[in-house]
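Enquirer: Sharing a structure with you now.
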Amino acid sequence: MENQTEETKSSFFEHWKRSVLVIVGFVAICIFIGSLHLSSEQSGALVIAIPLCLFLYFLPAYIAFKKEKKNKVAIFALNLFLGWTLIGWIVALVWSLTYEERKNIN
């Protein structure tokens, strides 16, 4: 029973940390856009476009972390540093989508 409570607390805090990071990132993007002195239409478009582009750019890393891949940090590094080349992004995407056999330790 105690173990289940600890798992629930851990899950709650992980979700909370993720939510705070998303909010902080969104606020940072809004502040950045506000500093550009654009029209309201342009600012509104950027508030949508920047997070969408960032999500698409880091999609391979997101998939790797979601699937709990063994090499998720390496996939993230490849995506971060070579994703802009498109070839690096495609390699990271394929790597994150490849099947990984899990070994059961009993």
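Enquirer: Given points 7 Å out from each Cα along the Cα-Cβ axis, report the Asn71 to Ala28 separation in nanometres with one decimal.
Expert: So the two model labels end up 2.8 nm from each other.
Enquirer: Right, here's the next one. For the range 59-105, which chymotrypsin sites (Phe, Trp or Tyr not before Pro) pass both filters: DSSP loop (anything but H, G, I, E, B) and at most 16 other C-beta atoms within 10 Å?
Expert: Answer by residue number: Tyr99.
Enquirer: Loop-only check: which GluC sites (Glu not before Pro) in the range 23-106 are DSSP coil with at most 16 other Cβ within 10 angstrom?
Expert: Glu68, Glu100, Glu101
Enquirer: When a/c is below 1.5 the answer is rounded, else prolate if a/b is larger than b/c, else oblate, so apply that to the range 12-64 with a ≥ b ≥ c taken from the square roots of the Cα gyration tensor eigenvalues. All intermediate terms of the calculation are to be shown ahead of the outcome.
Expert: Values: a/c = 3.53, a/b = 1.63, b/c = 2.17.
Judged from the Cα gyration tensor, the range 12-64 comes out oblate (a/c at least 1.5, b/c at or above a/b).
Enquirer: Something else: With a ≥ b ≥ c taken as the square roots of the eigenvalues of the C-alpha gyration tensor of the range 10-106, please select rounded if a/c is under 1.5 and otherwise prolate if a/b is larger than b/c or oblate if it is not?
Expert: It is oblate, given that a/c is not under 1.5 and a/b is not larger than b/c.
Read-outs throughout are calculated quantities, based only on the coordinates presented, and are distinct from any laboratory measurement. Treat the numbers as computed from the prediction; the structure is a model and nothing was measured. FYI the Cβ positions are ideal-geometry reconstructions off the backbone, even for glycines, and counts take in every protein chain you see.
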